[in-house]
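The numbers here are math on the coordinates, done by the rules we state, and not lab data. A quick note: this is a predicted structure, and the numbers were derived from the prediction, not measured. Here Cβ is always computed from backbone atoms with ideal geometry, including for glycine, and neighbour counts include all displayed protein chains.
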Amino acid sequence: MINREIIRIKIVQLTYAYYQNGNKNIDTAEKELYFSLSKAYDLYNFMLSIIIALTKEGKRHVEVAQSKAMREGTEQPSTKFIYNRFALQLEENKMLNDFIAKQKKTWDDEPEFIKKLYTQITESNIYKEYMDKAEDDYTADREFWRKIYRTFIQDNESIDSILEDMSLYWNDDKEIIDTFVLKTIKRFEEKNKATQELLSEYDSEEEKDFARKLFRAAILNANEYQRYMSDASRNWDFSRLAYMDVIIMQIAIAEMVTFPNIPISVTINEFVDLAKLYSTPRSGSYINGMLDTIARHLVHSGKLMKHIEPRKKANDNNEKQ
């Protein structure tokens with residue numbers, strides 16, 4: 001699950017913190033990096049467990065409604081929501097239950113929020129259409145929860161606030177974790193029952209190694225990489241650059257130099273996107289130009305053995321019609 005996109009985000013955050021903290025111990029910082037990555041995996045499990053919490057809330061409502069119906073001799077409430085096949089399978093999932101058993105905080109700590117979210121769901125057209133449909137099978141049950149997650153959980157400021165209070169490590173993780181949760185819902189199969197595999201913490205050992213190498217290269221070669229930046233910023237006062245811009249470019253150069261199989265364009269695009277997220281409004285275009293200039297210098301000087309596309313030449317008539 002932990003892929004290079006998450007790793008780059010964490011390394012930008014941890015490298016910035018490394019320079020801000022007085023105690024610059026790279027071994028300690030590396031342990032903090034891996035801990036931060038493990039917290040992203042915790043969030044993935046935690047967001048899956050919200051489906052279980054909402055199903056339990058539904059059961060409480062149905063039990064109350066059933067008691068009332070028995071007293072008054074009225075029609076019993078539908079149990080379609082609480083017996084949703086996908087939700088019940090998730091509730092029994094061995095991997096998720098192992099995670100829940102080890103956690104101190106659960107969605108049970110947020111009863112008022114879960115009640116409010118459950119009400120929003122049951123008042124929605126998605127819920128009403130699902131409950132009214134004659135179609136009643138596992139695929140429909142799973143698709144219902146995929147729609148609910150995308151509509152009510154994926155972009156939810158209240159959830160963001162709750163997560164921020166629970167863990168400082170989760171501030172910037174939810175957007176990408178949501179994509180993994182939706183991917184997991186889609187890949188569930190009824191036949192797998194409680195043994196359905198969730199996404200593993202790392203896609204491979206290669207990703208874990210990528211995190212360590214990139215972080216260490218960015219820190220240990222900082223002076224060399226910043227010299228490249230200074231040389232490339234001839235028309236700028238390097239000392240006046242936004243500090244986060246320097247950090248982002250430092251890590252980007254480390255990736256270009258350390259990983260021969262990652263194309264230059266991929267590295268530049270990834271870190272330009274991070275600049276838009278973490279730095280100033282103008283940082284993206286500036287960092288794009290700087291990294292392109294640095295990459296060309298390194299390739300032409302033989303310090304970087306990668307292909308780089310030649311710069312596009314303007315036509316002789318300045319793009320005349």
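What is the Cα centroid distance between the stretch 187-205 and the stretch 98-172, reported in whole angstrom?
20 Å
Can you pull a Stokes-Einstein diffusion coefficient for the stretch 221-300 at 37 °C (0.692 mPa s), Rh from Kirkwood over Cα pairs, as a whole number of µm²/s?
265 µm²/s
Given only helices, namely DSSP H runs of n ≥ 4 each adding -39500 (n - 2.57), what is the per-residue ellipticity at 222 nm of the chain, to the nearest 500 deg cm²/dmol?
Dividing the helical sum by the residues of the chain leaves -21500 deg cm²/dmol.
For the stretch 1-61, with only Lys/Arg (+1) and Asp/Glu (-1) charged at the beta-carbon, what is the dipole magnitude about the Cα centre, in debye rounded to 20?
That gives the stretch 1-61 a dipole magnitude of about 220 debye.
With angles folded into 0 to 90 degrees, how steeply does helix 222-232 sit against the dominant principal axis of the chain? Use alpha carbons for both and round to 10.
The angle comes out near 70 degrees.
Using 0.36 nm per residue, how much length does the chain from Leu88 to Glu201 gain when fully extended, once their Cα-Cα distance is taken away?
Between Leu88 and Glu201, full extension yields 38.4 nm more.
Please give the charge dipole size of the stretch 22-195, origin at the Cα centre, charges +1 on K and R Cβ atoms and -1 on D and E Cβ atoms. Round to the nearest 20 debye.
Dipole magnitude for the stretch 22-195 comes out near 460 debye.
Lys/Arg Cβ at +1, Asp/Glu Cβ at -1, dipole of the chain taken about the Cα centre: which of Ile185, Ala140, Ile9 is farthest positive-ward?
Looking along the dipole axis, the top candidate is Ile9.
Identify the residues of the stretch 142-165 with backbone N under 19 Å of a label point that sits 7 angstrom from the Cα of Glu112 along the Cα-to-Cβ direction, or state none.
Residues 157-165 qualify, since their backbone N sits under 19 Å from the label point.
So for the stretch 221-300, averaging the separation of alpha carbon pairs under 8 Å that are six or more residues apart and normalising by length, what relative contact order in percent results?
Over the stretch 221-300, the number comes to 33 percent.
Taking a ≥ b ≥ c as the square roots of the Cα gyration tensor eigenvalues, with a/c under 1.5 meaning rounded and otherwise prolate when a/b beats b/c, else oblate, which class fits the stretch 174-261?
In terms of gyration-tensor shape, prolate.
Which entries in Lys104/Lys186; Lys128/Lys183; Lys31/Lys306; Lys94/Lys186 show an alpha-carbon gap greater than 21 Å?
Pairs exceeding the cut-off: Lys104/Lys186; Lys128/Lys183; Lys31/Lys306.
If one puts a single equal scatterer on every Cα of the chain and applies the Debye formula without solvent, what log₁₀ I(q)/I(0) results at q = 0.11, 0.14 Å⁻¹?
-0.81, -1.08
Using a Debye calculation, one point per C-alpha and no hydration shell, please list log10 I(q)/I(0) for the stretch 23-89 at q = 0.17, 0.20, 0.21, 0.25 Å⁻¹ in order.
-0.72, -0.84, -0.87, -1.01
I need Phe35, Phe215 ordered by Cβ neighbour count within 10 Å, fewest first.
Lowest to highest Cβ neighbour count: Phe35, Phe215.
Could you give the angle, 0 to 90 degrees to the nearest 10, between helix 138-148's Cα long axis and the longest principal axis of the Cα atoms of the chain?
60 degrees
At a Cα cut-off below 21 Å, give the lysines reachable from Lys68, other chains included and same-chain residues fewer than 8 away excluded.
Cross-link targets: Lys56, Lys59, Lys80, Lys115.
Using the alpha-carbon centroid of each, what span in Å lies between the stretch 276-299 and the stretch 58-75?
Distance between centres, Cα-based: 62 Å.
List the lysines whose alpha-carbon lies under 24 Å from that of Lys24, not counting same-chain residues fewer than 8 positions away?
By straight Cα distance, Lys24 reaches Lys10, Lys39, Lys208, Lys213.
For the chain, what's the relative contact order in percent, using C-alpha pairs closer than 8 Å and at least 6 residues apart?
Relative contact order here is 21 percent.
Go ahead and collect, in residue order, the members of the stretch 3-38 whose backbone nitrogen is under 14 Å from a label point 7 Å along the Cα-Cβ direction of Asn171.
So the set is 10-18, 20-21.
For the stretch 22-195, treating each Cα as an identical point scatterer without solvent, what Debye log10 I(q)/I(0) comes out at q = 0.09, 0.12 1/Å?
-0.36, -0.61
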